[in-house]
Amino acid sequence: GAGVSQSPRYKVAKRGQDVALRCDPISGHVSLFWYQQALGQGPEFLTYFQNEAQLDKSGLPSDRFFAERPEGSVSTLKIQRTQQEDSAVYLCASSLPSRGPGTQYFGPGTRLLVL
Amino acid sequence: QQQVKQSPQSLIVQKGGISIINCAYENTAFDYFPWYQQFPGKGPALLIAIRPDVSEKKEGRFTISFNKSAKQFSLHIMDSQPGDSATYFCAGGGSQGNLIFGKGTKLSVKP
């Protein structure tokens with residue numbers, strides 16, 4: 001079956017621009033996670049949704065970062081007034097809670113470069 | 001603290017050898033410990049996972065050993081193959097589900 005898909009795969013933005021990153025989770029997966037992965041580092045948690053409810057946004061680095069999942073399926077991560085330090089790969093993962101915490105299936109990521 | 005410390009940072013193993021990667025965690029609320037494999041340009045893929053009530057889990061050539069009292073766990077890759085060359089991440093997860101990852105180990109298996 002189809003896995004987690006993300007778009008765009010690559011995004012180049014000028015500093016100060018707003019960007020929107022899309023995630024299509026596996027059909028039927030209730031939980032959706034966003035992570036940020038800097039070059040040569042492990043993924044770092046940003047935010048978590050269960051259906052349309054954003055249950056944890058403690059990992060969002062600033063109020064320039066905003067995520068939504070209005071209908072409980074597709075999610076969008078928006079970054080306003082991008083800065084160079086926002087350059088990273090943004091990973092989306094989905095999971096079925098009935099399979100236990102942590103069984104997350106990751107998408108290929110969106111590589112964001114802020115110039 | 002919700003840290004997961006992973007070592008070594010990089011590892012070179014001959015084909016057919018055993019690759020061993022170690023992790024230590026601090027948060028005793030973690031109840032799920034997965035290992036992920038990541039190839040360049042790809043997202044992490046779940047390799048194998050263990051819960052703290054089990055001391056060892058084996059799936060094919062991959063084995064997790066878990067020491068709850070020491071708060072440590074490790075991944076062993078038996079009969080390592082060049083196709084295993086990738087970056088490996090350990091992680092800890094709690095009831096909410098979000099994962100705390102180690103910094104990764106870049107494994108190179110030489111033919």
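The values are calculated or read from the model by the stated rules, or taken from the named source; none is laboratory data. Quantities reported herein were computed from a predicted structural model and do not represent experimental measurements. Cβ sites come from the backbone with ideal geometry, for glycine too, and all protein chains shown count toward neighbours. We work out accessible area using only protein heavy atoms, side chains counted, and drop any ligands, DNA or RNA first. Shrake-Rupley method; radii C 1.70, N 1.55, O 1.52, S 1.80 Å.
Based on the reciprocal of the average 1/r between different C-alpha atoms, the Kirkwood radius for the stretch B:4-110 equals 13.7 Å.
Around the amide H of A:T47, modelled in the peptide plane, lie the amide H atoms of A:W34, all under 5 Å away and 5 or more residues distant in sequence or on another chain.
Counting only protein heavy atoms and a 1.4 Å probe, chain A has 49 square angstrom of accessible area per residue. Inter-label distance, B:Q3 to B:N22: 1.6 nm, where each label sits 7 Å from its Cα along the C-beta direction. Going from the isolated chain to the complete set of protein chains, the stretch A:12-57 loses at least 30 Å² of heavy-atom accessible area (1.4 Å probe) at A:Y35, A:Q37, A:Q41, A:G42, A:P43, A:F45, A:Y48.
Using r as the Cβ-Cβ distance of B:E59 and A:N51, and R0 as 30 Å, what FRET efficiency do you calculate, to the nearest 0.05? Using R0 = 30 Å, I get an efficiency of 0.45.
Need one number: % antiparallel among DSSP beta bridges in the stretch A:5-114, to the nearest 5.
90
Association of chains B and A removes close to 1500 square angstrom of accessible area from solvent, both sides included, for a probe radius of 1.4 Å. For the stretch B:4-110, the solvent-accessible area works out to 46 Å² per residue, with a probe of 1.4 Å and every protein chain left in place. With θ taken as phi - 60° and the Karplus curve 6.51 cos²θ - 1.76 cosθ + 1.60 applied, the whole-hertz 3J(HN,Hα) list for the stretch A:24-36 is 10, x, 5, 4, x, 6, 7, 9, 9, 10, 10, 10, 10 Hz, x standing for glycine and proline. In the stretch B:2-42, the residues that give up 20 Å² or more of accessible area when the other protein chains are added, compared with the chain on its own (1.4 Å probe), are B:Y32, B:Y36, B:Q38, B:G41.
Converting phi to 3J(HN,Hα) with the Karplus coefficients 6.51, -1.76 and 1.60 and the offset θ = phi - 60°, the stretch A:45-56 yields 4, 10, 7, 9, 10, 10, 6, 8, 8, 8, 8, 8 Hz in sequence order, with x at every glycine or proline.
To check you understand DSSP bridge types, tell me what percent of the beta bridges within chain B (both residues inside) are antiparallel, rounded to 5.
Given both bridge residues lie in chain B, the antiparallel proportion sits at roughly 90 percent.
For chain B, averaging the sequence separation of C-alpha pairs within contact (under 8 Å, six or more residues apart) and dividing by the residue count gives a relative contact order of 37 percent. Taking only protein heavy atoms and a 1.4 Å probe, the accessible area of the stretch A:5-114 is 47% carbon and sulfur.
For the segment B:90-97, counting C-beta atoms of other chains within 10 Å of every residue's C-beta and taking the mean gives 5.
Straight-line cross-link partners of B:K57 among the aspartates and glutamates, defined as a Cα under 18 Å from its Cα and at least 8 positions apart when in the same chain: B:D31, B:D79.
Straight-line reach only, C-alpha to C-alpha below 21 angstrom: list the lysines that B:K42 could link to, leaving out same-chain residues fewer than 8 apart. Within the straight-line cut-off, B:K42 pairs with A:K11, B:K103, B:K106.
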